[in-house]
Amino acid sequence: SRSMSKTANFTGLIENELQQVSPGIRKLLSSRFEELSKCSRYYTVAQGKQMRPSLVLLMSKATSLCSGIDQSLVGSSFLEDDAPEYISTGQVLPSQLRLAQITEMIHTASLLHDDVIDHASVRRGHPSSNVAFGNRRSVLTGNFILGRASTAMARLRNPRVTELFATVVADLVRGEFLQLKNTVNTNTLEAQAFHFDYYIEKTYLKTASLISKSCQSAAILGQCSPTVIQAASDFGRYVGTAFQLMDDVLDYTSKDETLGKAANADLNLGLATAPVLFAWKQYPELGAMVINRFNCPSDVKKARELVESTDGIQSTVKWAKDYIKKAHEVIQCIPDSPARQALHAVAEKVVARNY
Ligand code: FPP
Ligand code: MG
Ligand code: MG
């Protein structure tokens, strides 16, 4: 399995819950229109790393150690002698397991649309949905999954979490929209700085927002304190940003077979990600190519060579590692536990992965 839980070796902690993520999603996607069930379950067959549900489940478990007093125990003999300030249940609530499923569904819906936008041919080592079922079915299926995820979300009856997830969906679209075009077309130092700002905002919107708000929501459903809810949000934002930075590195450094999707795709899509933005600092001639979105026939090859002759890749990895360092720091306010240690391990895994 390519699941992150196995590789990071915290299987025992959330194994039971993680095993329920995919079957639960498949159930939420049932339809009497056979073809719709098939299309919408397609990306649940060859599973991804399950990084997002793993983070939600581990955050749920780690923060259950600092949520409010368990009301069912108030007044019981258990609390009379030596009432602890906090009761640790160490359990993942049913609502938090549902949250993990909803998070993965929204991610899956976004991949169906993304593969249409990016003209992908492979995802998770199999033909991508747009190839298997065509663009029209992929777009419709993405919306169907989003609809079912919204129903499941409504049933949690938590307006605050519902609002966060509605914002996430808009953020995903805003991120993709930003990525469609550049907004400055000058080759100056200011333009370089602008591209970095634009890149990091786009990265937040397309990747970190979902991870941040799903971790935050786990803490909200666990009735944690505002401090812990904020820590969960920040942790997700830092890990999510590092995750996308590494995704953009792997596009340069990895192979199709390892990634289970096309490597070397970003320049061909016209995208100036962090490695090329760092290289631009050293080679001003990259500016014209960034502005033209590597449109001239030789641009992609030339830009790649320039990136490889600089430390653009290493600088991006370093940047990702800086975010992971902040992620480690920000969850120090959560009591130490095996679940928190597993969160640290997943964060490390994000910058150590090769797929
Ligand atoms: C993968 O990025 C894509 C995303 C992180 C977000 C895609 C979002 C949309 C298409 C907006 C619509 C959203 C919904 C919920 C309907 P990538 O192309 O860099 O990664 P890849 O290499 O895995 O394809
Ligand atoms: Mg893509
Ligand atoms: Mg994309």
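The values are calculated or read from the model by the stated rules, or taken from the named source; none is laboratory data. None of these values were measured; they are calculated from a predicted model. Counting neighbours? That spans all protein chains shown, and the Cβs are built from the backbone with ideal geometry, glycine included. For the accessible areas, the whole protein counts, side chains as well, though only heavy atoms, and no ligand, DNA or RNA atoms are used. Shrake-Rupley method; radii C 1.70, N 1.55, O 1.52, S 1.80 Å.
For segment 239-265: of the residues being part of a helix (DSSP H, G or I) and charged (D, E, K, R), which is surrounded by the most Cβ atoms within 10 Å (Cβ to Cβ)?
Going residue by residue through segment 239-265, those that are part of a helix (DSSP H, G or I) are 239-253, 256-259.
With charged (D, E, K, R) added as a condition, the list becomes 247-248, 251, 256-257.
Working: ASP247: 18, ASP248: 23, ASP251: 21, ASP256: 14, GLU257: 10.
Per the criteria, the residue is ASP248.
Return the total of residues in segment 280-302 being within 16 Å of ligand 3 (Cβ to nearest atom) and buried (at least 18 other Cβ atoms within 10 Å of the Cβ).
1
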Note on segment 10-49: residues farther than 25 Å from GLY240 by Cα and outside any helix (DSSP H, G or I) are LEU29, SER30, SER31, ARG32, PHE33
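Take PRO53 and decide whether it is exposed (fewer than 14 other Cβ atoms within 10 Å of the Cβ), of a type outside the set (A, V, I, L, M) and either assigned to a helix (DSSP H, G or I) or over 20 Å from the mean Cα position of the chain (by Cα) (or both). Spell out the reasoning first.
On the way: exposed (fewer than 14 other Cβ atoms within 10 Å of the Cβ): no; of a type outside the set (A, V, I, L, M): yes; either assigned to a helix (DSSP H, G or I) or over 20 Å from the mean Cα position of the chain (by Cα) (or both): yes.
Taking the combined requirement at face value, the residue does not satisfy it.
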Of those in segment 104-128 that are open to solvent by 30 Å² or more (accessible area, probe 1.4 Å) and among the polar types (S, T, N, Q), the residue nearest to LEU18 (Cα to Cα) is SER110
Residues of segment 213-272 being more than 16 Å from ligand 3 (Cβ to nearest atom) and of a type in the set (Phe, Trp, Tyr), in sequence order, are PHE235, TYR238
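One residue is enough: does segment 332-353 have a residue meeting the conditions in a loop (DSSP other than H, G, I, E, B) and within 16 Å of the chain's Cα centre (by Cα)? Walk me through it before giving the result.
Restricting attention to segment 332-353, the residues satisfying the condition of being in a loop (DSSP other than H, G, I, E, B) are 334-337, 353.
Cutting the leftovers down to within 16 Å of the chain's Cα centre (by Cα) gives us 353.
Yes - at least one qualifying residue is present in segment 332-353.
Consider SER315 carefully, then state whether it is modelled with pLDDT of 95 or more, of a type in the set (Gly, Ala, Ser), surrounded by 15 or more Cβ atoms within 10 Å (Cβ to Cβ) and more than 19 Å from ARG52 (Cα to Cα). Lay out the reasoning, then the answer.
Working: modelled with pLDDT of 95 or more: yes; of a type in the set (Gly, Ala, Ser): yes; surrounded by 15 or more Cβ atoms within 10 Å (Cβ to Cβ): yes; more than 19 Å from ARG52 (Cα to Cα): yes.
The answer is yes for SER315.
Assess whether SER309 counts as being in contact (Cβ under 8 Å) with a residue 40 or more places away in the chain and surrounded by fewer than 19 Cβ atoms within 10 Å (Cβ to Cβ).
Values: in contact (Cβ under 8 Å) with a residue 40 or more places away in the chain: no; surrounded by fewer than 19 Cβ atoms within 10 Å (Cβ to Cβ): yes.
When the stated conditions are applied, SER309 does not pass them.
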Going through (1) within 16 Å of ligand 1 (Cβ to nearest atom); (2) over 20 Å from PHE196 (Cα atoms) one by one, SER337 fails only at (1)
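Go through THR203, THR241, THR273, THR227 for me and flag whichever is closer than 30 Å to LEU156 by Cα and either among the acidic types (Asp, Glu) or within 11 Å of ligand 1 (Cβ to nearest atom) (or both).
Just one listed residue meets the conditions, THR203.
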Checking GLY236, GLY240, GLY222 in turn, the sole residue that is touching a residue at least 12 places away in the same chain (Cβ under 8 Å), on the phi < 0 side of the Ramachandran plot and touching a strand residue (DSSP E or B) at 6+ places or on another chain (Cβ under 6 Å) turns out to be GLY222
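Among the listed residues ASN158, ASN130, which satisfies the condition of being within 16 Å of ligand 2 (Cβ to nearest atom) and among the polar types (S, T, N, Q)? Steps first, please.
Working: ASN158 fails: within 16 Å of ligand 2 (Cβ to nearest atom).
When all the criteria are applied, what remains is ASN130.
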Subset of segment 129-167, residues open to solvent by less than 40 Å² (accessible area, probe 1.4 Å) and not hydrophobic (A, V, I, L, M, F, W, C), comes to SER129, ASN130, GLY134, SER138, THR141, GLY142, GLY147, ASN158
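Hey, among GLY175, GLY147, which residue is within 16 Å of ligand 2 (Cβ to nearest atom) and either in contact with a Ser or Thr (Cβ under 7 Å, 6 or more places away or on another chain) or assigned to a helix (DSSP H, G or I) (or both)?
Numbers: GLY147 fails: within 16 Å of ligand 2 (Cβ to nearest atom).
After ruling out the rest, the residue left standing is GLY175.
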- request: Say whether the condition of being within 19 Å of the chain's Cα centre (by Cα), loosely packed, with under 15 Cβ neighbours inside 10 Å and part of a helix (DSSP H, G or I) is met by at least one residue in segment 266-279.
  value: no
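Out of all the residues in segment 218-227, is one or more open to solvent by less than 10 Å² (accessible area, probe 1.4 Å) and either of a type in the set (Val, Ile, Thr) or in a helix (DSSP H, G or I) (or both)? Let's see the steps before the verdict.
Residues of segment 218-227 that are open to solvent by less than 10 Å² (accessible area, probe 1.4 Å), as a first pass: 218-219.
Right, trim to either of a type in the set (Val, Ile, Thr) or in a helix (DSSP H, G or I) (or both) and you get 218-219.
Yes; the residues of segment 218-227 include at least one that is open to solvent by less than 10 Å² (accessible area, probe 1.4 Å) and either of a type in the set (Val, Ile, Thr) or in a helix (DSSP H, G or I) (or both).
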inquiry  = Tell me yes or no: at least one residue of segment 170-191 is open to solvent by 40 Å² or more (accessible area, probe 1.4 Å), modelled with pLDDT of 95 or more and away from ligand 3 (no atom under 14 Å from the Cβ).
reply    = yes
Residues in segment 264-293 that are within 16 Å of ligand 2 (Cβ to nearest atom) and over 19 Å from GLU201 (Cβ atoms) total 4
